[in-house]
Amino acid sequence: MSMKFRLPCPAVASPVKRCGPIAAVLIAALVLVPSAASGNYTDPAGDSGAAGDITSVTVAGDKSSGALLFRITGTNLASSEKNVLFLNIDSDANPLSGNLADSGADYSFVMDGSSYWFDRWDGSQWVDAANSTVRITGSTTQIMVSINRSEIGNASDFNFSATTLSLSEVAFDAAPNDGAYNYSFEANGPQIDSVDVQTTPSAGPRAGKRFVILPTGLKLPPDGRTTVTPVLPESYSCTAKLGAKQLAGTGTGGCTLTVPKKKARGKRLTVQLTVTYQGATKVVPLTFKVT
């Protein structure tokens, strides 16, 4: 859990009632942003005390229309006026701009048992934000927030976080526990800028020897994390060619390669390393010369 949160009452404008029949809004949102293309973010269960417990957030976007759907799942979510849910959006993916007390948030939703607020940071305070495309629906186990990116600064990628807060018990749950998640319309998940790779042996492939490729960290946009733990892919895989010939791999993701002993020296080993993380996929081309 993060120690950063803000009380909703002094900071937000007057409440805006939820719009439209729940079933109709949900069907429209799901048609606009199919769940097959989405970022999938998890948070540990059972770490919220008396507050709502967030266990996952799914974000789906359609880059042509700009439609965007957040699906926040858990228990006891926005169940009363004293048990609220925040969704903060850092629309420029820069934690050093926007409201620094909220990890750079530029836009913020606050939801309780019967109403919601949608605000933007004007440089010094939270004020009413345009909300013609906003729809918020659901139950205490799943909240849907639908909005067009035109109302969050036309962001192509952004950071976000979800936080529950119990005003009666002063308990909360932050997702993620540190920093913020990232979502890119192009990636259908976090934007993976680059991948750190380690090879064994480090000098490169040798004829007649095993050669292992291991992704050791993902570079994502700045997210305000205070820890320096590397971000690791959830899964990875390799396809390889020695010259024009396909080379089969073994081990995790097929990334352990046995280089032939004969007629391999001097040839080019090309590898396509594919990493996946929170719904996003990135393919990294690698080239080595066999010695």
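The values are calculated or read from the model by the stated rules, or taken from the named source; none is laboratory data. Here the structure is a predicted model, which means the values were calculated and not measured. Because the Cβ atoms are built from the backbone with ideal geometry, glycine has one as well, and the counts that use them run over all protein chains shown. Just so you know, the surface numbers come from the protein's heavy atoms only, side chains and all, with ligands and any DNA or RNA stripped out. Shrake-Rupley method; radii C 1.70, N 1.55, O 1.52, S 1.80 Å.
Overview of values
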item	result
0 to 90° range, to nearest 10: angle between helix 22-32 axis and the chain longest Cα axis	30 degrees
Of all accessible heavy-atom area on the chain, the percent that carbon and sulfur account for (1.4 Å)	54 percent
Å² of accessible area per residue within segment 163-291, as computed with a 1.4 Å probe and no ligands counted	52 Å²
Cα Rg over Rh - segment 142-291, Kirkwood	1.14
Nitroxide proxy distance, nm - points 7 Å out along Cα→Cβ at Ser124 and Ala207	7.4 nm
Projected area, mean over directions - segment 210-268, Cα convex hull, nm²	5.7 nm²
Qualifying GluC sites (Glu not before Pro) for segment 147-251 [loop in DSSP, other Cβ within 10 Å: at most 15]	Glu169, Glu186, Glu234
Karplus-derived HN-Hα couplings along segment 274-291 (A = 6.51, B = -1.76, C = 1.60, θ = phi - 60°), whole Hz, x at Gly and Pro	10, 10, 10, 7, 6, x, 8, 10, 9, 9, 10, x, 10, 10, 9, 10, 6, 10
Lysine pairs within the chain, Cα separation less than 20 Å, 8 or more sequence positions apart or different chains	26
Stokes-Einstein D in µm²/s, Kirkwood radius over Cα pairs - the chain at 10 °C with 1.306 mPa s viscosity	77 µm²/s
Debye log10 I(q)/I(0) at q = 0.21 Å⁻¹ for segment 97-201, Cα point scatterers	-1.44
Accessible area of segment 40-86 divided out per residue, in Å², using a probe of 1.4 angstrom	36 Å²
